[in-house]
Amino acid sequence: MSMLGRVPRRVSSALRVAALRTRGHEIGKSVRIGTSKIQGRSVQVGEGCVIGDNVLIQGDEILIGPHVEIQDDVRIQTRRIAIGDETLIESGVTPKSSVTIGSNCVVLHRSFLNSTYPLSIEDDVGIGGYCMIFTHGLWQSAFEGYPVTFGPVTIRKGAWLPWHVFVMPGVEIGEGATIGAGSVVLHSVPARSMAVGAPARVIRGPPEYPKAMTKKDLEDLLRRLLSDFAEHLAFKGLRTRLELNDASFRLITSQGELNYGVSEPKKDDIQILFTGPPKGSFWVNPLTREWHLDLSLPLHSETRGFIRRAGVRLRPRTR
């Protein structure tokens with residue numbers, strides 16, 4: 001065992017960070033790196049990033065935004081990789097070559113991202129476990145009439161690929177599109193549509209999909225979410241009381257209150273207001289995904305995490 005393996009984990013992480021900085025790389029504050037290797041001509045790792053054990057990140061240019069989490073056993077061997085703020089890459093994911101991943105994305109475990117040609121994943125994309133995304137397909141000889149395919153793959157903002165989706169070269173998945181689990185995507189999918197099957201075919205699209213939400217729909221959804229949140233907090237031991245009526249509703253806890261309808265919101269707005277302690281203007285808007293919270297406060301942090309159950313990924317922190 002090396003000397004590095006004998007020192008406490010937190011100390012060994014600090015030594016790895018220091019070693020990268022001495023090589024001229026830009027490593028932000030509060031970065032934690034496990035027993036892993038980062039090798040590149042130019043490396044930037046934003047503040048608050050967590051990189052697990054047995055991770056290899058290797059390439060010419062490596063740009064990792066703030067508060068990114070890369071879990072154990074990830075292999076990224078690339079000419080250039082860019083990962084946006086607050087993205088999660090789970091264990092066992094293997095991207096290769098040129099890959100760009102936007103902010104607020106999730107790539108779940110054991111997915112394989114091949115990029116013989118460029119692979120671009122825009123902001124707010126969800127990729128489930130065991131997905132396979134290829135930018136090349138070949139084995140049998142093209143001189144014998146067999147297909148050989150190369151092409152970039154682009155997955156636009158807000159698209160969702162659940163588990164076991166297979167994406168072939170040259171495909172573009174449109175903004176806000178949904179792919180059914182287990183689908184094989186041979187052709188591009190339009191924005192805001194649902195495609196399922198092998199091969200994947202579009203079965204729903206605008207204006208029926210996604211559903212147009214009225215103000216009442218939004219308020220009913222928020223009521224259900226706050227009711228579930230009250231049960232969640234009570235299960236964790238907090239005293240809670242939920243007050244609901246047609247015009248407003250509020251969740252009262254021992255750590256503060258969440259209110260809707262206290263001040264008349266703008267038309268089609270759906271903002272939740274927080275009242276102390278502490279004093280100040282704190283709020284979250286699940287429709288626009290904007291927020292102003294103090295994440296050092298348990299109620300604020302719990303709220304931010306809980307609304308993800310409704311598929312709401314708040315925008316990354318402003319800096």
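The values are calculated or read from the model by the stated rules, or taken from the named source; none is laboratory data. If you're wondering where the values come from, they're calculated on a predicted model, not measured in any experiment. Backbone-built Cβ (ideal geometry, glycine too); neighbour counts: all protein chains shown. Surface areas here come from the heavy atoms of the whole protein model, side chains and all, with no ligands, DNA or RNA. Shrake-Rupley method; radii C 1.70, N 1.55, O 1.52, S 1.80 Å.
For the stretch 50-94, a residue qualifies if it is of a type in the set (D, E, K, R) and farther than 17 Å from Phe112 by Cβ, and the qualifying residues are Asp53, Asp60, Glu61, Glu69, Arg79, Arg80, Asp85, Glu86. Quick check on Gly40: is it at pLDDT 90 or above and either open to solvent by less than 10 Å² (accessible area, probe 1.4 Å) or in a loop (DSSP other than H, G, I, E, B) (or both)? In short, no. Of the numbered criteria (1) within 30 Å of Ala181 (Cα to Cα); (2) part of a loop (DSSP other than H, G, I, E, B); (3) touching a strand residue (DSSP E or B) at 6+ places or on another chain (Cβ under 7 Å); (4) not charged (D, E, K, R), the one Ile270 fails is (1). The residue of the stretch 275-317 that is nearest to Gly48 (Cα to Cα), among those that are among the aromatic types (Phe, Trp, Tyr), open to solvent by less than 50 Å² (accessible area, probe 1.4 Å) and part of a strand (DSSP E or B), is Trp291.
Evaluate the stretch 257-272: report whether one residue or more is at pLDDT 85 or above and either within 24 Å of the chain's Cα centre (by Cα) or open to solvent by 80 Å² or more (accessible area, probe 1.4 Å) (or both). Within the stretch 257-272, one or more residues are at pLDDT 85 or above and either within 24 Å of the chain's Cα centre (by Cα) or open to solvent by 80 Å² or more (accessible area, probe 1.4 Å) (or both). In contact (Cβ under 8 Å) with a residue 40 or more places away in the chain and surrounded by fewer than 23 Cβ atoms within 10 Å (Cβ to Cβ): does that describe Tyr117? Yes: the conditions hold for Tyr117. Test Gly92 against the stated conditions and say whether it is under 23 Å from Trp163 (Cα atoms), among the small types (Gly, Ala, Ser) and either in a loop (DSSP other than H, G, I, E, B) or modelled with pLDDT of 95 or more (or both). Spelling it out, Gly92 is indeed under 23 Å from Trp163 (Cα atoms), among the small types (Gly, Ala, Ser) and either in a loop (DSSP other than H, G, I, E, B) or modelled with pLDDT of 95 or more (or both).
Looking across the stretch 49-72, the residues that are open to solvent by 20 Å² or more (accessible area, probe 1.4 Å) and in contact with an Asp or Glu (Cβ under 8 Å, 6 or more places away or on another chain) come down to Val50, Asp53, Asn54, Pro66, His67, Gln71, Asp72.
Among the numbered conditions (1) surrounded by 13 or more Cβ atoms within 10 Å (Cβ to Cβ); (2) modelled with pLDDT under 90; (3) of a type in the set (Val, Ile, Thr), the only one that Val189 does not meet is (2).
Restricting Thr149, Thr135 to those that are β-branched (Val, Ile, Thr) and surrounded by fewer than 22 Cβ atoms within 10 Å (Cβ to Cβ) reduces the list to Thr149.
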